[in-house]
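Below is one structure, written out as structure tokens; the observations come after it.
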Amino acid sequence: MVAEAITYDEIDTAKGSVRSIVPMPQDSATSSIPVDEQVEDSKNRENDDVMKISAEVTTMKSVWEFFKKYFLEGQEIDEKYQVNENSSFLERNRQYFALGIPFVIVQTVWWSLMFSQDWFYLFNEPFGDYDKPRFWIAVTMIFGSMVAGATAEGGAAIAFPVMTLALGIDPVVARDFSLMIQSIGMTSAAFTILYMRVKIDMNALKYVTFSGIFGTIFGLEVIAPRLTPAYAKMYFVCIWSSFAVGLAILNMNVDRHLYDRIPHFKGGIIWKYNDRIVFNWKVVALFGAGFVGGMCTAISGSGIDICTFSVLTLLFRVDEKVATPTSVVLMGINTVIGFLWVEFGQGGVEQEGWYSLACAAPVVVVGAPMGSFIGSHFHRLTLAGIIYILSIIKMVGALIIVQPWSFENTDTPVHLCITSAVLFFSGMIFFRILSILGLRLMATIDNLPSVVRNVSSVLDIQDADGTKENSDRESIASTGEAEVGLPISI
């Protein structure tokens, strides 16, 4: 005969507890357990269920908080262009116009040319040493253009290694294509950044652009013709992989201050004559970054962006969220200059470059501006993390495909291996030195009185948790001065 026992199903409500008594058949083993112990066991199971649900909710909240912190932090908009209730329709919807204007212009031109010239066959035409269909370059640039707009790695950072390593394209053709496609994608991304009023460093933009012109021309005329394909591929990945290591080491210091532009820029003046001839070491540093970056751009189609980014972040401790859009605008300007020089100063780009451009142009005009828009909302460490991942992928890919230790792609494998290793470790040392100098510069500026620092080192100092130095902000606001005796100027 089956015995019956009483169990309790406890339901918590705001006013109390409701218990339902349900008779359940029990076997002989269960019936021997006292009713009180059965009730206690039921309560324990219910408490375990509540704790599990609570843990799941906590986990979901943690995931959402993580996502919101690193991917939805928000844009760094110039203070002069913050949207408010008095803003016009264009200002309130500037992100839509920033994305739509370059899209409409490029798509109109592209579709008109493709239909009038009947160039759609180019997508399936084989190209490169491996006879891959050309539409693969468009697929590559879907990701490449997004990366170009969102990070300091230009579109050539994706296009150049993929074309040379995976598709078997000559480095000269890959460089020409990189300059051409970035003249569309990066300039579209630059327009998006400027139209959205995303914060950039204007001093870096002016001085790096000027010196980058000469660096690009010098690289195209002198350096690029002397490098064989294997050397160009390995040197490209070694330089920027060493920078990624330097940036990773720098970001281990989570308590470092950040600035939203080069701090105390006028403090770099170490000599002047009649207030007209001025020697500012910070200007010299930017000139150097532009010239070296221009030479790198001449080799691979990309370089001035990541070179400027390295100086801004390592030496001047500029926030990655500001350094990134600054480097994108710089690359957009510099790549147009490089393309024009190759086209009109060196006999024109390779025909394959034009064919690849026809396939990838409609993609980059969407990807690059969208990347700029999305990337402007990322946390600075997210942007840095993307650079780490890309650098690892490019280094591993280069080692697998180039095989610098073998005679397959070069007649001097020993020399290539040694020089690549020296370049990599020298780059690590150089970027580490930049980081140390930046730490000393930051300490010097932070110890200055508020009225001596300029606005970029008072209003824009950030702790690791993103808080502002309110006392300094109030001090500057009350004095109305950024430098002693000088009006505030950004």
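The values are calculated or read from the model by the stated rules, or taken from the named source; none is laboratory data. Since the model is a prediction, treat every value here as computed from it, not as a measurement. When we count neighbours, we look across all protein chains shown, and the Cβ atoms used for this are built from the backbone with ideal geometry, even at glycine. Remember, those area values only see protein heavy atoms, side chains included, never the ligands or the DNA or RNA. Shrake-Rupley method; radii C 1.70, N 1.55, O 1.52, S 1.80 Å.
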Selected residue (only one of M395, M428, M442 is in a helix (DSSP H, G or I), at negative phi, crowded, with 19+ Cβ neighbours inside 10 Å and under 21 Å from the mean Cα position of the chain (by Cα)):
M395
Taking into account only those residues within region 136-171 that are among the hydroxyl-bearing types (S, T, Y) and more than 24 Å from N409 (Cα to Cα), which is modelled with the lowest pLDDT?
T151
Any idea which residue in region 195-220 is nearest to I401 (Cα to Cα), counting only those that are surrounded by fewer than 17 Cβ atoms within 10 Å (Cβ to Cβ) and in contact (Cβ under 8 Å) with a residue 60 or more places away in the chain?
F218
Against the conditions (1) out of contact with any Lys or Arg (no Cβ under 8 Å at 6 or more places or on another chain); (2) free of Cβ contacts under 8 Å to residues at least 24 places away in the same chain; (3) open to solvent by 20 Å² or more (accessible area, probe 1.4 Å), where does C307 fall short? Just the number, please.
(3)
Return a yes/no flag: does region 262-275 have any residue that is open to solvent by 10 Å² or more (accessible area, probe 1.4 Å), in a helix (DSSP H, G or I) and either over 21 Å from I436 (Cβ atoms) or small (G, A, S) (or both).
yes
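Take the residues in region 330-357 that are acidic (D, E) and assigned to a helix (DSSP H, G or I); name whichever of them is surrounded by the most Cβ atoms within 10 Å (Cβ to Cβ).
Our first condition is that a residue be acidic (D, E); within region 330-357, this holds for 343, 350, 352.
With the extra rule that they be assigned to a helix (DSSP H, G or I), the set shrinks to 343, 352.
Numbers: E343: 15, E352: 20.
So, considering only residues that are acidic (D, E) and assigned to a helix (DSSP H, G or I), the one surrounded by the most Cβ atoms within 10 Å (Cβ to Cβ) is E352.
Does V329 count as within 13 Å of the chain's Cα centre (by Cα), at pLDDT 90 or above and not polar (S, T, N, Q)?
yes
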Are any residues in region 84-99 loosely packed, with under 14 Cβ neighbours inside 10 Å and of a type outside the set (F, W, Y), and if so, which ones?
N84, E85, N86, S87, S88, L90, R92, N93
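Residue-wise test of (1) out of contact with any Lys or Arg (no Cβ under 9 Å at 6 or more places or on another chain); (2) open to solvent by less than 10 Å² (accessible area, probe 1.4 Å); (3) among the aromatic types (F, W, Y); (4) under 23 Å from T308 (Cα atoms).
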site	(1), (2), (3), (4)
V139	yes, no, no, no
M146	yes, no, no, yes
A159	yes, yes, no, yes
A166	no, no, no, no
V173	yes, no, no, no
G185	yes, yes, no, yes
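Quick grid of which residues meet (1) under 20 Å from A174 (Cα atoms); (2) modelled with pLDDT under 90; (3) more than 14 Å from the chain's Cα centre (by Cα):
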residue: H257; (1), (2), (3): no, yes, yes
residue: R276; (1), (2), (3): no, yes, yes
residue: A285; (1), (2), (3): no, no, yes
residue: G288; (1), (2), (3): no, no, yes
residue: E350; (1), (2), (3): yes, yes, yes
residue: V364; (1), (2), (3): yes, no, yes
residue: I374; (1), (2), (3): no, yes, no
